[in-house]
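The values are calculated or read from the model by the stated rules, or taken from the named source; none is laboratory data. Please read these numbers as outputs of a predicted model, since none were measured by experiment. Counting neighbours? That spans all protein chains shown, and the Cβs are built from the backbone with ideal geometry, glycine included.
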Amino acid sequence: MTDARTNLQIDSSRLWGAIHETAKFGATPKGGVRRLTLGPEDKQVRDWFRAACEAAGMEVGVDALGTMYALRRGRDMSKPPIGLGSHLDTQPTGGKFDGVLGTLAALEVIRTLNDAGIETDAPICIVNWTNEEGSRFAPAMMASAAYAGDYTTDDILSRRDAEGVTVGEALDTIGYRGAEPVGQRKFGGFVELHIEQGPILEAEEKTIGVVERGQGIIWYDGRIAGFASHAGTTPMPLRRDALATFSEVVLAVERLAREHGPHAVGTVGEVIIDNPSRNVIAGDLAFTMEFRSPESKTLEALNAGFREAIIEISKRRKVSIDVDQVWRKEPTVFNDRFVGAVENATKMLGYAHHRITSGAGHDACNLATVMPAAMIFVPCKDGVSHNELEDATQADCAAGANVLLHTVLSLAGVGGGEVQ
Ligand code: HGY
Ligand code: MN
Ligand code: MN
């Protein structure tokens, strides 16, 4: 494409301003964002997002799981829209960019097309997916997984948070349980911009990551049942200590991930001790954990090794260890044509780039199972994410949004309405 559109660029200050404006919804004293899905702060950002999309001339719809779809009409409405977007919920100690960049860059693409008077052939639909993070309600990437057919809407509506509140109740509380059935809205494909959330692009001094694969993920919920007893009177050999047992489980997860390195990872992120007390040997506890790998066979090996390890620990310590697999996402391979469109846009814009595998899960990874999909990464400072220190530069965010703009233009096709 050699006409004036080649020079079309998003408005970097407007995007940067939007990112920092939305960061106030759930702002934390350390400069991060706590915006758990379907909570009051999520309602605030959703209301802001709806108003901004409507001000940009889009029609906003909401489905039964609260996912928001903002449609920009194209010349040929018989064509399925090209989807772009991400998520606006965050981790408890999240940052300003995870999910937000992709969702607001999608809005910035629309604003830029409006300013330039460009009408695309196919319509464009920007999406805010409900509960990508999976922190309040499991699984992660929940709504896009339901959209892809991995779960029924009723199953997801019944999921409960730690306080026993269901997804359905939370949606009703913030007024975002839409009438549209999940999965009804069809797309010609989906492109998601996201910070890398890892150290590779920054270390390699690349501005753009052209994402070709995504890791597979297995999530587990575990319970350990020992025997609570007096910390002072119970001889060491007689103890059935759930917390000491748990510590061996954590080290087994770490050992297995290291053994299957360099790409496998394993994490135990939560533990809740029943009735903890300094002078009581822990009797019962619950925990959550995960394994990830770009290879399915490695996921299998991690799972098998873990099952073996907990049987041995349980027998030796005479403590029961029960672990349920609650979510499994196979590794993602993104669509060649869409990945090529990202790479071509990146080359046309002249950004340093290379192909990369995503360590994090994303909504685009679920969508890739039911439509052509691709992702664009930009660096984040020190590769840090899921931490209030998460940071990125305005220039890198703008570069990612420009690649998103030109990728979408190439995929949606451009009708009348030349750049003035
Ligand atoms: O867990 C993930 O990979 C995503 O950031 N929710
Ligand atoms: Mn994310
Ligand atoms: Mn995240």
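Quick notes on this one:
- There is no residue in the stretch 300-316 that is under 24 Å from Gln9 (Cα atoms) and more than 16 Å from ligand 2 (Cβ to nearest atom).
- Filter result for Ser410 (within 16 Å of ligand 2 (Cβ to nearest atom) and either over 30 Å from Thr267 (Cα atoms) or of a type outside the set (A, V, I, L, M, F, W, C) (or both)): no
- Meets criteria (within 16 Å of ligand 2 (Cβ to nearest atom), more than 23 Å from Thr130 (Cα to Cα) and touching a residue at least 60 places away in the same chain (Cβ under 8 Å)) for Gly209: yes
- Within the stretch 141-153, at least one residue is among the acidic types (Asp, Glu) and more than 30 Å from Leu409 (Cβ to Cβ).
- Asp98 meets each of the listed conditions (1) over 19 Å from Asn402 (Cα atoms); (2) within 15 Å of ligand 3 (Cβ to nearest atom) apart from (1).
- All conditions but one from (1) among the β-branched types (Val, Ile, Thr); (2) over 20 Å from Ala392 (Cβ atoms); (3) at pLDDT 95 or above; (4) surrounded by fewer than 22 Cβ atoms within 10 Å (Cβ to Cβ) apply to Thr67; the one that does not is (4).
- Top-ranked residue in the stretch 176-199 [being touching a Leu at 6+ places or on another chain (Cβ under 9 Å) and within 16 Å of ligand 2 (Cβ to nearest atom); ranked as farthest from Val370 (Cα to Cα)]: Ile195
- If the condition is being under 22 Å from Ala51 (Cα atoms) and within 15 Å of ligand 2 (Cβ to nearest atom), then the stretch 111-140 contributes Val127, Asn128, Trp129, Thr130, Asn131, Glu132.
- Glu259 fulfils the conditions (1) surrounded by fewer than 18 Cβ atoms within 10 Å (Cβ to Cβ); (2) under 26 Å from Pro92 (Cα atoms) except for a single criterion, (2).
- The set of residues in the stretch 141-160 being away from ligand 2 (no atom under 13 Å from the Cβ) and within 18 Å of Tyr220 (Cβ to Cβ) consists of Ala145, Asp150, Tyr151, Arg159, Arg160.
- For the stretch 138-175, a tally of residues being within 16 Å of ligand 3 (Cβ to nearest atom) and either under 21 Å from Thr103 (Cα atoms) or surrounded by fewer than 16 Cβ atoms within 10 Å (Cβ to Cβ) (or both) returns 7.
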